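Visitor: I have a structure here, written as structure tokens, and I will follow up with some questions on it.
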Amino acid sequence: MSLIAQTEQAAPILSGPPEFRPVPDWFRDQQRAAWRQFESLPKPTRKDQAWRFSNVGLLDLAPFKISAPLSEDDRKSVLKYSRGLEQYAARMIFANDQLIERDVVSEDLKKRGVIFQPLECAMVEHTDLFKKYFMSSETTLGSAKFAALHQALVSSGTLLFVPRGVEIEQPIEIFHWLRHDNMSIFPHLLIVTDELAKVTVIEHFRSCNRAAPGFACGVNDLIAGPGAKVTYVCAQDWGDNVIALQMNTTTVDHDASAMSLNLHMGSRYSRFESLSRLIGEGGRSDLLAVSVAKNQQEFDARTLQDHVSPHTASDLLYKNALDDRARTIFGGLIRVERHAHFTDAYQKVRNLLLSDDAEANSMPGLEILADNVRCTHGATSGQIDENELFYLHTRGIPTKIAQRLIVTGFLDEVIQRLNHPAIAEHLQRLIEEKFGA
């Protein structure tokens, strides 16, 4: 047995960063500083505007641990169930923050300068690139304490760099698994695209055991260089007793575009923060999300569309379907900075309530500090149209199936915005499985 395997047992995450991990000294120093920041920042309360309506009582981190090395049987089991897209350009599979399998990019893409590496390799082999972009954006939407926890404990993840003019035609696929009870993971994704590059990435978040408690605290940084096009898809299907936080930051340079679509299916409580900064003229950001909530699930979304430069555009469309006693929260802001004239920004949230006990809280907002802008925002909540249901009944379709057809049609508008049939089909299948559960 290796020294690491002998030393690294399942330790509580509140005991701090493990000292024996083989990371560079400068990164270890960063983690120690982040841990001190985590300990110094107060726990969120519902009195905080950024946590309004949130069930912060669920954020008890005491039960959760850092996993010991997985057994060979664990690894084989994870590989067996890591099924996603049939075709992909490259793939990584992680379980409990341990790299299980890596399918590298083609030799052609390597020769053209594409970098696709686990973080622990990237921080050594591409130190300058890593230092420049790794967690370089301030967490402003409420979860600074958890971003510090992530930085203190992150041990694996992915760096993807796409050089100037390179287009990766097939999606890149990444899996993150939770295995065993009360385990924690800190997934990280750093995508950097140079000028005129193009890439699509899909991340899957899953639990091996649907009933196992777990904790996930992830960070994504997506950098779209001048004229680049980045598409990011999150397929979140954690187990029923997982507490999850995800903090995403997207930076869009001039004439670039970034599209993100987040599908929320699993977890007991899931908080998702998305900051999109448009720093160059002609930049565009599309923020899409679909949530299907049942039982007592709670999905908590906080967003900021930050228009820094003039002649930029953003469009947010979030759709939620809620059944039983499920809850959703949306707090979103369009901010147009000074001199960001001719901004074109939209924000729309639609909630479909399938139960009288379901609850949707929506707080859209505007902060406009420039002239000559076009910004609209709104949120709606309602139940299934009785006329639509009656129409399907008259054609012999039972109520449950009719409801499913209406809801999937309601959500499909968002998924089709991807314009990627293979990924859309995969997401639709996940939604169907959720309704069948």
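The values are calculated or read from the model by the stated rules, or taken from the named source; none is laboratory data. Just so it is clear, the structure is predicted and the values come from calculations on it, not from any experiment. For neighbour counting, all protein chains shown are included, and Cβ atoms are generated from backbone atoms with ideal geometry for every residue, glycine included. Just so you know, the surface numbers come from the protein's heavy atoms only, side chains and all, with ligands and any DNA or RNA stripped out. Shrake-Rupley method; radii C 1.70, N 1.55, O 1.52, S 1.80 Å.
Visitor: If I take the Cα coordinates of the range 169-289 and project them onto the principal axes, what are the three extents in Å, biggest first?
Guide: Here the Cα extents, ordered largest to smallest, are 47, 25, 19 Å.
Visitor: Within straight cross-link reach of Lys111, meaning Cα distance under 27 Å, which lysines are found once same-chain residues fewer than 8 apart are removed?
Guide: The reachable lysines, counting only those whose Cα sits under 27 Å from Lys111, are Lys131, Lys132, Lys198, Lys229.
Visitor: Once you keep just the Cα pairs under 8 angstrom separated by 6 or more residues, what percentage relative contact order results for the chain?
Guide: Averaging sequence separation for qualifying contacts and normalising by length gives 10 percent for the chain.
Visitor: Let me check the size of the chain from its C-alpha atoms; what are the radius of gyration and Dmax in Å?
Guide: 21.2, 69
Visitor: Now, a different point. Based on Cα positions only, what radius of gyration and what Dmax would you give for the range 1-103, in angstroms?
Guide: So, for the range 1-103, Rg and Dmax equal 18.1, 50 Å respectively.
Visitor: Also: Working out 0.36 nm times the residue gap between His339 and Arg210, then minus their Cα-Cα distance, what length gain in nm do you get to one decimal?
Guide: Gain on stretching His339 to Arg210: 41.5 nm.
Visitor: Placing one identical point scatterer on every Cα of the range 342-437 and ignoring solvent, what is log10 I(q)/I(0) from the Debye formula at q = 0.20, 0.24 Å⁻¹?
Guide: -1.12, -1.27
Visitor: Also, I was wondering about something else. Taking the Cα centroid of the range 98-167 and of the range 339-378, what is the distance between the two, rounded to the nearest whole Å?
Guide: 32
Visitor: Could you work out the per residue convex hull volume over the alpha carbons of the range 44-122, in cubic angstrom?
Guide: 201
Visitor: In the range 35-193, how does Rg compare with the Kirkwood Rh, expressed as the Rg/Rh ratio over alpha carbon atoms?
Guide: For the range 35-193, the value is 1.01.
Visitor: Suppose the chain between Ala33 and Ala370 were pulled fully straight at 0.36 nm per residue; how much longer would it get relative to their current alpha carbon spacing?
Guide: 117.5 nm
Visitor: Could I ask something else about it? Subtract the Cα-Cα distance of Ser106 and Ala10 from 0.36 nm times their separation in residues, and report this length gain in nm to one decimal.
Guide: 30.9 nm
Visitor: Take every Cα-Cα pair in the range 146-189 and report what % of them are more than 13 Å apart.
Guide: Cα-Cα pairs in the range 146-189 separated by more than 13 Å: 68 percent.
Visitor: So, one more: Can you compute the modelled spin-label distance between Gln49 and Asp25, with each label point 7 Å from Cα toward Cβ, in nm?
Guide: 4.4
Visitor: Can you tell me which lysines have their Cα less than 23 Å from the Cα of Lys65? Leave out same-chain residues fewer than eight positions away.
Guide: Lys43, Lys76, Lys145
Visitor: Alpha carbons only, please: Rg and Dmax for the range 274-321, in angstrom.
Guide: 13.8, 44
Visitor: Which value in nm describes the separation of the simple spin-label points at Glu72 and Thr140, placed 7 Å from the Cα toward the beta carbon?
Guide: 5.2
Visitor: Which percent of the accessible area of the chain is formed by carbon and sulfur heavy atoms (probe 1.4 angstrom)?
Guide: Heavy-atom surface of the chain belonging to carbon and sulfur, 1.4 Å probe: 48 percent.
Visitor: For the range 106-184, which GluC sites (Glu not before Pro) pass both filters: DSSP loop (anything but H, G, I, E, B) and at most 10 other C-beta atoms within 10 Å?
Guide: When the GluC sites (Glu not before Pro) of the range 106-184 are filtered for loop state and at most 10 Cβ neighbours within 10 Å, Glu138, Glu169 remain.
Visitor: Also, quick follow-up: From the C-alpha coordinates alone, can you work out the Kirkwood hydrodynamic radius of the range 98-156, in Å?
Guide: Evaluated on the range 98-156, it is 13.6 Å.
Visitor: Debye calculation, C-alpha points only, no solvent: report log10 I(q)/I(0) for the range 208-355 at q = 0.11, 0.14, 0.19, 0.22 Å⁻¹, in the same order as the q values.
Guide: Each listed q corresponds, in turn, to -0.43, -0.66, -1.04, -1.26.
Visitor: Using a simple spin-label model with points 7 Å from Cα along the Cα→Cβ vector, what separation in nm is obtained for Ser355 and Cys121?
Guide: If labels sit at Ser355 and Cys121, their model points lie 4.5 nm apart.
Visitor: Probe of 1.4 angstrom, ligands and nucleic acids ignored: what's the accessible area per residue over the range 334-412, in square angstrom?
Guide: 59
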